[in-house]
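The values are calculated or read from the model by the stated rules, or taken from the named source; none is laboratory data. Being a predicted model, the structure only gives us computed values, none of them experimental. Quick reminder, even Gly has a Cβ in these numbers, built from the backbone with ideal geometry, and neighbours come from all protein chains shown. Accessible surface is based on the protein model in full, side chains and every heavy atom, while ligands, DNA and RNA are left aside. Shrake-Rupley method; radii C 1.70, N 1.55, O 1.52, S 1.80 Å.
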Amino acid sequence: MPGAVIVHHHNRYKTYPGDVTGFVFYSCLVASVGGCIFGYDIGMAASLTSTESFLLLFFPDIYQQQKDQVITNQYCKFDSQELSLFGSSLFLSAATASLFASPMARAFGRKWTLFYAAVAYITGACMGGIATTFAVLITGRLLLGVGVGLCIHASPLYLSEMAPAQQRGMLNILFQLMITIGILSASLTNYWTSRFLGGWGWRVGLAMGAVPGSVIALGSLAIPDTPISLLSRGETELARATLSQIRGIGPDDVRQEFDDLAAACEESKAVANPWWELLFTGKYKPQLTFALGVPFFQQLTGINVIMFYAPVLFKTVGFRNDASLMSSVITGLVNVFSTFVAVVTADKVGRRALFLQGGTQMIISQILVGTFIGLQFGLSGTGAISEQYAMCIVLFVCVYVAGFAWSWGPMGWLIPSEVYPLAVRSQAQSITVAVNMCFTAFIGQVFLTLLCHLRFGLFYFFGAWLLLMTILIAVLLPETKCVPLEEVSHVFRKHWFWRKYVIDTSADARGAEMRKRIALEMS
């Protein structure tokens, strides 16, 4: 039937209506703005830590050190652990908030978790914009982190649970698309406000974070919660009506899908302690592997190094101040438009193909960027870079960003959000967000030190990690495109590697095991 997905399940096939209605697209678009606030802060923080008026007000000692220091080694510029810690404070706050996001999402639903996240983020943005003391500034930054942590927990879950199976990839990738739009918006804002007389433009940039926050706050009031979330909180009739509304068909036509969701919810309610089940029973080894591994490896692609420090990186390789900001705008544009490739192809070519192709492209780009920088600066870090080499570096940075934008960027959020069983989905998403934020903070903290010591070899370092993770994806990741969420666990049962570790607790599996045991006893 048109617009439906057919899935093999327990020796039978099921079909779900699968057209994306305007209401579903609107709801997912609102929820995906949660990615925008994350991306906006990544781009904004890069500018803050190199803005003289900001440093003079809040970090006068560092400002004076930069003025007094004569730097000849291009690899060791702008190395301040205190500034790096300021940038990382948001991600540490987000990691902490993500652990509280799981009980919030279970108790109040995905929708209201998004609303509370937006309120925290708006408050933090306003405090940052008006801050005159470091205490106000850091409080605002920690509130920004709370908003980011709650948003990136609830938003991917909302998108995966709201979308029809065969368009889940496309709609979930809206989250990554919004991250790229947030980064680009911050780069454009930085370029604009850097021209403000008096050096107060950074206040405008910080305060403008309240704009996407307000979109989430107001939009979340106009969208429904997901049917799965409603069912898990006992709102059965509202869940049935919502499922009918978002699929655009009558209640009778969604009966099969609703019954499967209801059965999955009942099974999840039988789990008394989801954290224990997830972490210690061994039932969810494949899912836990991806909950930990995907966000860990996503940060080791080196993307946040490129996006977070793009102005610093381009200034290091010889661009003037305005030119370096403009170059980061260019990479931001590449990031946005390349993400559309994933939006269009994720549900056609599949997750694995994008991972493998994008990973290969990123490996080659990292090696070439490292080689070009090494040829110009060598191990000493001294010398000047020619215009031709600078253009080559920008080109391959853009090729690298494009590869990330249709592979590890969107897939890094999509895969974890769709492989978790309902019983532990919220808890596993908390783990994913916490790991992602902690390693974002860690990489941000150590990047400048690594650059100073590894020199151009830092790009080879990230290239080696990319090679390893691409091999692991090829070996361990099963294809999950077009598979309904409640069916994903069966994909792991069929995988050549994971089937050895999957514990099937379903009624059919228990019945089959019992019949097998009886047959053996009778023989």
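Observations on the structure shown:
- Histogrammed with a bin width of 5 Å, the alpha carbon distances of segment 187-280 distribute as 2, 11, 14, 12, 9, 9, 9, 7, 7, 8, 6, 3, 1 percent, first bin at zero.
- The HN-Hα couplings worked out from phi for segment 188-195 by the Karplus form 6.51 cos²θ - 1.76 cosθ + 1.60 (θ = phi - 60°) are 5, 5, 4, 5, 6, 6, 5, 8 Hz, whole numbers, x standing for Gly and Pro.
- Local electrostatic count at residue 217 - Lys and Arg +1, Asp and Glu -1, tallied over other residues with Cβ under 15 Å: +2
- Taking label points 7 Å from Cα along the Cα-to-Cβ direction, residue 391 and residue 139 give a separation of 5.2 nm.
- For residue 128, neighbours were defined as the other residues whose beta-carbon sits under 11 Å from its Cβ, and their charges (Lys and Arg +1, Asp and Glu -1) total +1.
- Simple spin-label estimate for residue 80 and residue 472 gives 3.5 nm between the two label positions (7 Å along the Cα-to-Cβ direction from each Cα).
- Contact order normalised by residue count of the chain, Cα under 8 Å, 6+ apart, percent: 24
- Once the C-beta distance of residue 252 and residue 130 is scaled by a Förster radius of 51 Å, the resulting FRET efficiency is 0.40 to the nearest 0.05.
- Between segment 361-434 and segment 150-211, the alpha-carbon center distance in angstrom: 18
- Packing-based ranking, highest mean first, of 398-409, 32-43 given that Cβ atoms within 10 Å are counted: 32-43, 398-409
- Neighbourhood charge, 14 Å Cβ-Cβ cut-off, centred on residue 349 and excluding it, Lys, Arg +1 and Asp, Glu -1: +2
- Each part reduced to its alpha carbon centroid, segment 89-127 and segment 224-241 end up 22 Å apart.
- Kirkwood-type radius of the chain, with distances r between different C-alpha atoms, in Å: 23.8
- Taken along the Cα-to-beta-carbon direction at a fixed 7 Å, the label points for residue 289 and residue 452 span 3.9 nm.
- In order through segment 217-231: 3J(HN,Hα) via Karplus (6.51 cos²θ - 1.76 cosθ + 1.60), integer Hz, x for Gly, Pro: 4, 6, x, 5, 6, 9, 10, x, 6, 6, x, 5, 5, 5, 4
- For segment 348-495, the C-alpha radius of gyration divided by 2.2 N^0.38 Å, with N the number of residues, is 1.26.
- By the beta carbon rule, with partners counted only under 4.7 Å, the chain holds these lone Cys residues: 28, 36, 126, 151, 265, 392, 398, 438, 482.
- Each residue of segment 254-270 is assigned a 3J(HN,Hα), and the resulting list reads 9, 4, 4, 5, 5, 4, 5, 5, 4, 5, 5, 5, 5, 5, 5, 5, 6 Hz, derived from the Karplus form 6.51 cos²θ - 1.76 cosθ + 1.60 (θ = phi - 60°), x at Gly and Pro.
- Helix-only CD estimate at 222 nm, as mean residue ellipticity for the chain, using -39500 (n - 2.57) per DSSP H run (n ≥ 4): -24500 deg cm²/dmol
- Under a model in which nothing but the beta-carbon of Lys, Arg (+1) and Asp, Glu (-1) is charged, the chain shows a dipole of about 600 debye around its Cα centre.
- Counting only protein heavy atoms and a 1.4 Å probe, the chain has 39 square angstrom of accessible area per residue.
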